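For reference, the structure is listed below as structure tokens.
The values are calculated or read from the model by the stated rules, or taken from the named source; none is laboratory data. Everything numeric here is computed off the predicted structure, so don't read it as measured data. Here Cβ is always computed from backbone atoms with ideal geometry, including for glycine, and neighbour counts include all displayed protein chains. These area figures cover heavy atoms from the full protein model, side chains too; ligands, DNA and RNA do not enter into them. Shrake-Rupley method; radii C 1.70, N 1.55, O 1.52, S 1.80 Å.
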Amino acid sequence: MEECRDNRAIVDNNEAQTLTSGDIDEMRRQGVKGDEIIEALIANSATYEKKTTFSQEKYRIKKQKKYAPRVLLRRPSARSICEAYFKKYPHRIGFLRVDALSLLLSLANVTANSDILLVDMVGGLLTGAVAERLGAGTGYVCNTYLGSTPYPVEIVRTFNFDNEICKRIVRAPLRDLCLEQTGTSEIIDASNAELNGQTSSINMEEMSLPSNHEAVDSETIISPQSKMGKPPKAGEKASEEAIKSWKENGFSSLIIAAPDADAWSLAKDLLPLLSYSAPFAIYHQYLQPLATCMHNLQQGKMAIGLQISEPWLREYQVLPSRTHPLMQMSAFGGYILSGTKICSSS
């Protein structure tokens with residue numbers, strides 16, 4: 001009988017279910033559990049017994065998500081946080097997909113005991129991912145910014161980092177990091193005045209976590225901050241000793257994720273802050289800004305090994321007799337320009 005059943009004769013006309021929404025609301029008011037409501041829906045469905053076993057399972061799972069949801073508490077990680085935001089609020093993280101995030105960290109050679117220079121305009125997701133990769137008590141994550149207002153990094157707090165990691169996440173304005181102090185900072189501030197005006201108006205509330213009435217996907221729940229005490233604040237101003245060391249030795253690598261900024265303007269100002277042979281990676285949602293940046297880097301002989309990568313991800317459902325690509329998935333993951341800084345004689 002299992003082999004004879006199929007869904008060809010089933011018509012989806014909303015007439016198969018005899019249990020009305022009013023009946024379900026009344027059951028809820030009476031305190032009926034979600035599992036009992038699901039069993040009642042199955043019993044009152046005229047087509048449930050005609051469905052295949054696979055279709056019956058999908059029907060039950062669909063009703064369970066609506067009437068008897070289950071919450072999975074997970075330790076926060078760069079992957080789970082990125083997936084949660086990409087699914088619910090992709091614009092807040094610059095449409096940065098999890099595979100693009102992992103490729104950024106790989107191309108920038110983010111490892112322990114590294115000093116990473118960041119331009120994070122994706123809410124702090126990149127900052128948290130780099131800090132997670134560095135580990136506790138090793139290296140520094142330095143967020144730089146134009147002007148006097150740092151970019152919001154509210155997502156960092158969802159990682160629940162301990163004190164050792166939080167104190168390694170610092171910030172410093174670009175004018176403080178410049179190798180030449182005579183007039184350089186004034187030129188940078190003037191040339192990027194328009195960009196600074198845009199970024200300083202970012203709504204801090206918009207970058208915060210979803211409110212209680214906006215549910216995050218149950219499979220990617222971000223655990224809340226501990227109520228035992230106030231968590232340490234990440235992103236304090238970098239010390240003078242650290243800034244002096246970075247001016248003398250340079251940063252280990254550079255990562256830029258600034259969808260609203262010009263990639264070339266940032267790259268030409270930040271590449272001199274790196275040590276020689278340091279890798280860099282620049283993410284952008286669109287190809288043309290990176291292509292322009294790549295051309296200018298080649299013309300100025302500022303870097304080698306330049307390449308633009310397009311991350312590609314295909315998720316599969318892996319179940320017995322039902323292994324296939326997911327029916328709905330992201331078809332676009334942005335672009336990443338990567339390369340290695342060199343000493344230019346010009």
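Tabulated data
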{"read-out": "Inter-residue pairs, beta-carbon under 7 Å, first touching a residue at least 40 places away in the same chain (Cβ under 8 Å) and more than 13 Å from A40 (Cα to Cα) and in segment 6-29, second open to solvent by less than 60 Å² (accessible area, probe 1.4 Å) and part of a helix (DSSP H, G or I), 6+ apart", "value": "N7/S55"}
{"read-out": "One residue from F95, F54 being of a type in the set (F, W, Y), out of contact with any strand residue (DSSP E or B) (no Cβ under 6 Å at 6 or more places or on another chain), open to solvent by 60 Å² or more (accessible area, probe 1.4 Å) and at pLDDT 90 or above", "value": "F95"}
{"read-out": "Residue satisfying condition, being farther than 16 Å from F95 by Cβ, at pLDDT below 95, exposed (fewer than 10 other Cβ atoms within 10 Å of the Cβ) and hydroxyl-bearing (S, T, Y), within set S344, S321", "value": "S321"}
{"read-out": "S330 being of a type outside the set (D, E), at pLDDT below 95 and open to solvent by 90 Å² or more (accessible area, probe 1.4 Å)", "value": "no"}
{"read-out": "So G34, is it over 23 Å from G339 (Cβ atoms), touching a Lys or Arg at 6+ places or on another chain (Cβ under 7 Å) and surrounded by 14 or more Cβ atoms within 10 Å (Cβ to Cβ)", "value": "no"}
{"read-out": "Condition check for L297: under 14 Å from T144 (Cβ atoms) and not in a loop (DSSP other than H, G, I, E, B)", "value": "no"}
{"read-out": "Test: residue in segment 45-52 that is within 21 Å of Q317 (Cα to Cα) and under 27 Å from the mean Cα position of the chain (by Cα)", "value": "no"}
{"read-out": "Residue within segment 14-31 that is closer than 16 Å to Q56 by Cα, within 41 Å of the chain's Cα centre (by Cα) and either of a type in the set (G, A, S) or open to solvent by 70 Å² or more (accessible area, probe 1.4 Å) (or both) present", "value": "no"}
{"read-out": "Selection count where residues are part of a helix (DSSP H, G or I) and among the small types (G, A, S), scope segment 101-143", "value": "5"}
{"read-out": "Condition check for L126: surrounded by fewer than 24 Cβ atoms within 10 Å (Cβ to Cβ) and modelled with pLDDT of 95 or more", "value": "no"}
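So that you can scan it fast, the table gives a plain yes or no per residue for (1) modelled with pLDDT under 95; (2) within 13 Å of the chain's Cα centre (by Cα); (3) surrounded by 23 or more Cβ atoms within 10 Å (Cβ to Cβ):
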| residue | (1), (2), (3) |
| --- | --- |
| L105 | no, yes, no |
| V119 | no, no, yes |
| G137 | yes, no, no |
| P150 | yes, no, no |
| E154 | yes, yes, no |
